[in-house]
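Undergrad: My questions will all concern the structure given below.
Laboratory data are not the source of any read-out in this text; all were calculated from the coordinates shown. Only a predicted model underlies this, so the values are computations on that prediction, with no experimental measurement involved. Neighbour counts run over all protein chains shown; Cβ positions are idealised from the backbone, glycine included.
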Amino acid sequence: MRLSALFIRLGAFLIAALVSVVAARATVAVVEDRSVIAVQEELVEMGQDWAEVQGDGLQVIIEGEAPSEVDRYRAISAAGRLVDASRVIDSMAVVASEGIAPPQFAIEILRNDKGVSLIGLIPASTDRDALLERVGEAAGGATVTDLLDAGDYPVPDSWRSAVDYAIRAVGELERSKISVASDRVVVTAISDSNRQKTQLETRLNRSRPADVRVSLNITAPRPVISPFLTRFTLDEEGPRFSACAVGSLEANQVVISAAQEVGFEGRSPCVEALGSPSRQWADTIAMGIRAVGELGGGTLTISNTDVSLVALPGTAQDAFEAVVGELENDLPAAFALTAELPVNEDADGDGPPTFTATLSPEGAAQLRGRVNDDLTNMAVENFAMAKFGANDLTMGTRIVDGLPTGWPVRVLAGIDALSRLSNGSVTVTPDRITIRGNTGNASASADITGLMVEKLGQSAAVSIDVTYVEELDPVAGLPTAEECLAQIDVVTEDRKITFEPGSTTISSEASPIMDDIADILQGCPDLPIQIAGYTDSQGGEEMNQQLSKDRAESVLAALRSRRVPVSTFDAEGFGEADPIESNETAEGREANRRIEFSLIVPESDADAESALDETAEEGETPDAPESE
């Protein structure tokens, strides 16, 4: 009986245990399924559908290939928000990332009155100290702030050309930002005037490397003109401006449209400038030009708010009064009109007094005509010597009585106007000053007009026929690089740069030739020139190499001391290489000890020339490039 009760109790315990195990397994299965489903749904909603979720008891296993480490982390975090993080098992892999591309080398160069700053990434192989020294020398000794980083990556082929050009630009532009990349240089700068802007663009365009794209953005502030002046003439020679200033492009169009109505042709000579005295400046000029047209001719001069209208001799009185009256009523309130109708006077038998000054293309000046007295004659002579030089002046003046009031002022103004021309003539009479000639200054006509108005007043009758000749312009007339080297070849044809025996010191006998070369190079700015030193074959090869290098450096230093800008120069030594004569004779060795000047040709250009030479030697004709 007792044994049966024991078995009953044991059986009950076993049944309870079995039921508990079955219930636990069922509970775990439910928890596992719900956890897997919840995590899987959450990952799909997040866009992480690459992940596969598996269950192993209470553990949640995430498998799959994550696009990135970030995606992998997000999947783990999402699962950890739904189930205990300790239950999340990471079985994910991450897609292998591609190799990191090397960074692009670039320098941002900023120059202002405080100095130069360099910001960017340069090759690790760059001689940083040499780079900073070159920039400082190009900027005239300005302080250079180094904010550069270095990277050990391959150097692009055109990197050196781009940096060399940028350093040349730093030397030219006192206020600038220059962005340097391996294949492009972007220059943004401010110039003092339009003329300086043209000069800078000319020099920078001439020295731009062939293998680097260059973008120039040089701006010039509009000049401030005082007095703000415009003069328009219509006579038997046709309509023309001798000076024209406007405040904007729109004002220029208003003025030129009015001038075209009376027959003006060609490009606008008007200068956009600051200083316009009124917003109605252009409209006032247009009214005056139309008035001149209605009169059939005359001269309109507007200086600030003073308007002067001088009709042609012989203009009908009633027509003159009608046109002037209408103009006076139409002018804006700020402007004041002065009108004059010249009266023809009978000339005496001797004709009107005349003073003439001429200037030849060679610079010789000759003065002829009448002056008031000895004091005036001396003043005229001294003034002309100051303008043209005592050795180039010929006096042919005559002292007479009865000259008009203000005659000395008219004569001196005429001489001053002539000095602003390359060649020409000035004729002074009591009623008119006539100025003709050629100049290399595009603004000479406007400058002379302003001078006449300042010295003689707005109503003075002045005829100005000045022609701009590009060949006389000192900027347009700069010699080419090849012409500069040809000039050096001429002065070194029968002479050579010599050194003290076994030394790098230039001999005193070579000083005159160094002066001549310096004079040539001062007129040929920004040339990329290589100064190459050579020796004969006597002595060790390594010693000759160093000697030739040091001598080339001595020539570079001598040019620098003569105020030649040498930031684009490179001194190299080639030792006994490339002999031009035999080293077996004393004469040959003397010839081989030499200094040569040549243009630095970018590597891309040199490779192209080499390929053409090889093609020519083989007797083939290179194919023409295909058009894009």
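Undergrad: If we sort 166-174, 363-371 on the protection proxy, mean other Cβ atoms within 10 Å, highest first, what's the order?
TA: Peptide ranking by packing, descending: 166-174, 363-371.
Undergrad: Let me ask you something else. Once label points are set 7 Å from the Cα along Cα→Cβ at both Ala38 and Arg368, what is their separation, rounded to one decimal in nm?
TA: Calculated label separation equals 11.6 nm.
Undergrad: Pull out the extension gain between Leu599 and Ser537, defined as 0.36 nm times the separation in residues minus the alpha carbon to alpha carbon distance; nm, one decimal.
TA: So the chain would gain 19.8 nm between Leu599 and Ser537.
Undergrad: Further question on the same structure: Along each principal axis of its Cα atoms, how long is the stretch 388-467 end to end? Whole angstroms, biggest number first, please.
TA: 39, 36, 16
Undergrad: What spacing in nm lies between the two simple spin-label points modelled at Met46 and Asn205, each 7 Å away from Cα in the Cβ direction?
TA: Each label point is offset 7 Å from its Cα along the Cβ direction, giving 6.1 nm.
Undergrad: Now for a separate question. With n ≥ 4 as the cut-off for DSSP H runs, can you work out [θ] at 222 nm for the chain, using -39500 (n - 2.57) per run divided by the number of residues, rounded to the nearest 500?
TA: Mean residue ellipticity at 222 nm (helix-derived): -13000 deg cm²/dmol.
Undergrad: In what sequence, highest mean first, do 417-423, 190-196, 589-595 appear when ranked by Cβ atoms within 10 angstrom?
TA: Sorting 417-423, 190-196, 589-595 by mean packing, highest first, produces 417-423, 589-595, 190-196.
Undergrad: Okay, next question. What translational diffusion coefficient, to the nearest whole µm²/s, does the chain have by Stokes-Einstein, given a Kirkwood radius computed over alpha-carbon pairs, a temperature of 4 °C and 1.567 mPa s viscosity?
TA: 39 µm²/s
Undergrad: May I ask you to derive the FRET efficiency for Ala379 and Asp401 from their Cβ-Cβ distance with R0 = 25 Å, giving the value to the nearest 0.05?
TA: 0.90
Undergrad: Working from the pairwise distances between different alpha carbons, so that the mean of 1/r is found and then inverted, what is the stretch 229-340's Kirkwood radius in Å?
TA: 13.8 Å
Undergrad: Compute the signed sum of charges (Lys and Arg +1, Asp and Glu -1) over the other residues within less than 15 Å, Cβ to Cβ, of Ser360.
TA: +1
Undergrad: Can I ask one more? Along the Cα→Cβ direction, 7 angstrom out, place labels at Glu326 and Glu482. What is the inter-label distance in nm?
TA: Inter-label distance under the simple model: 6.1 nm.
Undergrad: In addition: Round to the nearest 0.05 the FRET efficiency obtained for Asp146 and Asp113 when R0 = 22 Å and r is the Cβ-Cβ distance.
TA: The value I calculate is 0.70.
Undergrad: Nearest 10 degrees, 0 to 90: what angle lies between the long axis of helix 407-418 and the longest principal axis of the chain (Cα atoms)?
TA: So the inclination is approximately 40 degrees.
Undergrad: Find how much the distance from Ile580 to Ser278 grows on full extension, using 0.36 nm per residue of separation minus their present alpha carbon separation; answer in nm with one decimal.
TA: Result: 101.5 nm gained on full extension.
Undergrad: For the stretch 481-607, what mean projected area does the convex hull of the alpha carbons give, in nm²?
TA: 8.0 nm²
Undergrad: Here is a follow-up. Can you give me the Rg/Rh ratio for the stretch 106-219, using Cα atoms for both radii and the Kirkwood formula for Rh? Let's see the in-between values first.
TA: Working: Rg = 13.5 Å, Rh = 14.1 Å.
Reported Rg/Rh, Kirkwood definition of Rh: 0.95.
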